[in-house]
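Working notes, beginning with the structure itself.
The values are calculated or read from the model by the stated rules, or taken from the named source; none is laboratory data. Please read these numbers as outputs of a predicted model, since none were measured by experiment. Reconstructed Cβ throughout: ideal geometry from the backbone, glycine too, with neighbour counts over all protein chains shown.
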Amino acid sequence: MVYREPILVLYSGSVQSACGMAGSAVGPFYCPADEKLYIDLSFYDDLQTQFKAPGDFAMAYVIAHEVGHHVQKLLGISDEMAKIRSRVSEEEYNKYSVRLELQADYLAGVWAHHAQGMGVLEKGDLEEALNAASAVGDDTIQQRARGYVVPESFTHGTSEQRKKWFYRGFEAGNLEEGDTFGAGNL
Ligand SMILES: [Zn+2]
């Protein structure tokens, strides 16, 4: 695989991507069609206030997760997902989506492993990332937004799962242990 670097697009308000028009409400996202990461500048504040996940490394985790989606695109996983999407029900697709998202968390962890190797992690950084991964879990978000959770509607995984896969990537530092699609237990 030849690695192509993705492009980071910072915007405020709304933005036009090859995946359509998006507003800041959607949160950071990666568009496989143009291989760009889109991050609304206000999200750093949202992480602190709305998600209670402050710190520079919380934001680093968010960006690394989106780059994880870029790696999935380069590996052909995003294309596979698009094919699956066209032939299964929404509820069934959600299960694949969770595995895709947890793998992006794993890849973010792999990046954090190497960031540590380069000596850029400060005391507390790992905890900031784990806290952020937990804060964006489907169960936590749904519980806060509506007071109950609907597991069938999960698309990103629970707080526990997101933390677990990020940490697994952090410990492994390689792609080998990141097969969330083959994992029996997420
Ligand atoms: Zn994602």
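Quick one: in the range 104-119, of everything that is touching a helix residue (DSSP H, G or I) at 6+ places or on another chain (Cβ under 9 Å) and aliphatic (A, V, I, L, M), which residue is nearest to the ligand (Cβ to nearest atom)? Ranking the candidates gives 104 first. Residues in the range 9-33 that are surrounded by fewer than 15 Cβ atoms within 10 Å (Cβ to Cβ) and either under 14 Å from residue 71 (Cα atoms) or touching a Gly at 6+ places or on another chain (Cβ under 8 Å) (or both): 13, 14, 23, 33.
Taking first residues from the range 76-96 that are closer than 10 Å to residue 152 by Cβ and modelled with pLDDT under 95 and partners that are among the basic types (Lys, Arg) and surrounded by 11 or more Cβ atoms within 10 Å (Cβ to Cβ), no Cβ contact under 8 Å between residues at least 6 apart in sequence or on separate chains turns up.
Residue-by-condition table, conditions (1) assigned to a strand (DSSP E or B); (2) of a type in the set (A, V, I, L, M); (3) more than 20 Å from residue 128 (Cα to Cα); (4) in contact with a helix residue (DSSP H, G or I) (Cβ under 6 Å, 6 or more places away or on another chain):
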{"residue": "34", "(1), (2), (3), (4)": "no, no, yes, no"}
{"residue": "44", "(1), (2), (3), (4)": "no, no, no, yes"}
{"residue": "47", "(1), (2), (3), (4)": "no, yes, no, yes"}
{"residue": "51", "(1), (2), (3), (4)": "no, no, no, yes"}
{"residue": "58", "(1), (2), (3), (4)": "no, yes, no, yes"}
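Would you be able to say whether some residue in the range 102-122 is surrounded by 13 or more Cβ atoms within 10 Å (Cβ to Cβ), farther than 20 Å from residue 4 by Cα and without any contact (Cβ under 8 Å) to a residue 60 or more places away in the chain? Yes; the residues of the range 102-122 include at least one that is surrounded by 13 or more Cβ atoms within 10 Å (Cβ to Cβ), farther than 20 Å from residue 4 by Cα and without any contact (Cβ under 8 Å) to a residue 60 or more places away in the chain.
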